[in-house]
Every structure is written in structure tokens, then in C-alpha cells.
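Take a look at the structure below.
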Amino acid sequence: MSGDHGPVGSDEPGGPGPGGSGTPLPATLTRLEHSRRAHRVNRRVFSAVCGLLVALLALSLLSWTSVNEDGSAMDTVSERAEGGDDKPGQPPSPSADAPTGHLGLPGRTLPDRPTGHSALVANPIYDTGRLSPLPCPVPELDVDDPGSMERFLHLVADCLDDVWKTQFDRAGIPFAPPDRVFWEEPGVSPCRSYPSPAGAFYCRASGAIYIGTSDVVEKWNGSDDSVVYASLLAHEYGHHVQGESGLLEFYHEQRQLEVDDAGRNSWTRRSELQANCLSAAFLGSIRVSYPLTEDDLSTLLDDASATADRPDGPESDRTHGSSDNSVWWTRTGWTEQSAGACNTWDVSDEGMVK
């Protein structure tokens, strides 16, 4: 036999391995080589598939995290907006199936707030002392110019944001200022369309205050007393304070359990009188920098009386309290300048919430 060959299967030049020119490989060895090649290919395919699965998993986790961070899938409460006027205490529409004390829109995640009966009568916001606003000088208002009214409302709303954020920080309760919709043209909120017969309303479903810059002037017979419009804005803001403090949730739950107008309106009056008081507390706290005078206080008290329930009105209309009570809570807020002085929930019906 002539000369030795290299090792079986070697790739040396002249050897019998692949590409060589030597003696052909036995069939068993060829099958073995094919098996090895297939194994190497399968490993590459397996690695590629694993890599693809890892990438898909990473993308899924990233997407899930993004949803949780923006809150779009993490609302703690879902609800339908009320029909009609969304003043707190108004009965929900027949389609409403959840309390209206929550923000239920996508992307609005609710942090923890006081709950239950204690949110009404022993809310931490009551223990935060006198309001401590920054100076709030208010420019002259031209009630015939919607643009002037809008600028005025935004400036007062800025002051409201500041003073109530401070109080909520003291109470240790999360607080987000309300959105503002000062309309001149008709539109639609999650709670109702506008213009509104009241000229202004608060919608808890969107966490927003809605005011018609011309409508309110018409409703107040063209009054040029700016404190009237500041009071209206601060009153609607008072309902936002109720909502942010956790109070409105329990309020709505309990009010909806009542079987007649008398029971439901008893709850409504307390809510409206508290908003009156909170409004006056804010105005009293900025009366030096605004500035507001005793004449302005008289205007506020007259307005509180004028917007109260009529003595001869039907029970179904008794939603804002008697004239005497409306004036009393407004004066109390102006004088005391604290949320604690506005606890209308811890007094009897025979007291100051008639």
C-alpha cells in the first residue's frame, strides 16, 4: 500500500476530508458529518429564536411599565359622568352605576385619600389652621369684556391653587389643582353640556371648573363687583377641595341611599353651605392684598342671601340652605379663614344647615 493518509476526516490538503482529493469517505462517516452540520445549524436557529423571545419579552415589560406609569390602565375607580348639573349632590343619571366622588377618566390615577364617615366630620384638612396665601392683588375687571373676565378668573384661580395646595400639604393629602374651562362658546364636559343655567359648575368626573365668562355677568345682572365673580369661582373650587380631600365619595354614596328629596337635599345643603364657607375663607385670607373692604363683605353676604333657598319653595328645591344659614356660613368663613371652621357635617339639622 502506498503512503499513509492523514487522519480520517481531516481537512488537510490531499486528505480524504471535505474538499480533499483522496479516497472518498465511507457512508457512515458522511452521515456523521451531516449530523454534525445539522446540529450546528439547529444551535444557531435555537439561539436566534431565544434572542427573539427575549426581545419580545423586554418589549412587553416596557409596554406594561409605561401603562402603569401614566395610569391609563391603573385607575382605582371607574365611573360614568353624571347627567344634568354636576353640582355635588345632584342625583346621578339612571345610567350612573358608581359614586361620583372619584375621577374616573382614563389617565387619572387616584392616590389614597381619607374615606368613609371620618372624611366628612374629621377630615385632616380641618386641622390645617388658617389659610396662608401669597399676596393676590387683583386687577380691575371690565365685566363687558370676556377677555378681561377670563384673565381675572385665571389670576384668582392661580391664588386658589396656591393656598389650597399649601393646606393639603399640611394635611398630608395628595392634591391636584382643578382644570379650568372658562367658556365663551358652547361645549361639552364629561358631566354635561354648557352653557349652563347656573353659569358655572364643577365636574368631578374631569376635575374641572367650568365658568361662562359672559354667562355669569348676565346671571348677576351685569354686576361690576368683582368679588361676586371671585366668590363664584372660589365656591366651585370649594367643591374641588371636597373632592380632593376624599369627602365627596362618601357624600355621594350616602346621598344616593336616601329615598326621597328631603333626605337627599339634607346632604346637598351641607355640601353647598360648606362650599360657601370655603369660598369666604379664601376671600377673607386675601382681603388685604386683593384688596377687599367691609363693603365687599356686605356684597358677599347679600349674594349669599340672594342665592339661598326661597322660604316658600318646594322641598325639592331646598338644596342651598336658608338665607340665614347661607349668610352665617359665609360670614364664618370670612372671619375664621380656615377649613376647620367650615365643617358643616358635624352639626345637626337643627343647627346651621337648614
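The values are calculated or read from the model by the stated rules, or taken from the named source; none is laboratory data. Keep in mind it's a predicted model, so treat the numbers as computed, not measured. With ideal geometry, Cβ positions are generated from the backbone for all residues, glycine too; neighbour counts draw on all protein chains shown. Accessible surface is based on the protein model in full, side chains and every heavy atom, while ligands, DNA and RNA are left aside. Shrake-Rupley method; radii C 1.70, N 1.55, O 1.52, S 1.80 Å.
Within the accessible area of segment 212-341, the carbon and sulfur atoms contribute 45%, probe 1.4 Å, all protein chains present. Near the amide H of D179, within less than 5 Å, lie the amide hydrogens of A208, I209, all on another chain or at least 5 residues away, with H placed in the peptide plane. Across segment 224-238, coupling constants 3J(HN,Hα) worked out from phi with the 6.51/-1.76/1.60 Karplus curve, θ = phi - 60°, read 9, 7, 4, 5, 4, 6, 5, 5, 4, 4, 5, 5, 5, 5, x Hz, and Gly and Pro carry x. Each label was represented as a point 7 Å from its Cα along the Cα-to-Cβ direction; for E258 and D112 these points are 3.2 nm apart. For D349 and S298, the difference between the fully extended length at 0.36 nm per residue and the C-alpha to C-alpha distance is 15.7 nm. Evaluating 6.51 cos²θ - 1.76 cosθ + 1.60 at θ = phi - 60° for every residue in segment 176-184, the Karplus couplings come out as 10, x, x, 6, 10, 10, 9, 8, 10 Hz, glycine and proline recorded as x. Probing with 1.4 Å while keeping every protein chain in the model, the per residue accessible area of segment 202-265 equals 29 Å². Close amide H contacts of G321 (hydrogens built in the peptide plane, cut-off under 5 Å, sequence separation of 5 or more or a different chain): D309. Once you reduce segment 283-344 and segment 137-171 to the center of their Cα atoms, the two points are 19 Å from each other.
For the peptides 211-218, 246-253, the ranking by packing is 246-253, 211-218, with the highest mean count of neighbouring Cβ atoms within 10 Å listed first.
Per-residue packing, averaged as other Cβ atoms within 10 Å, sorts the ranges 328-341, 179-192 into the order 328-341, 179-192, beginning with the highest.
The order of the peptides 136-149, 116-129 by mean Cβ neighbours within 10 Å, most packed first, is 116-129, 136-149. Within the shell of other residues whose beta carbon sits under 13 angstrom from the beta carbon of F175, the net charge comes to -2, with Lys and Arg scored +1 and Asp and Glu -1.
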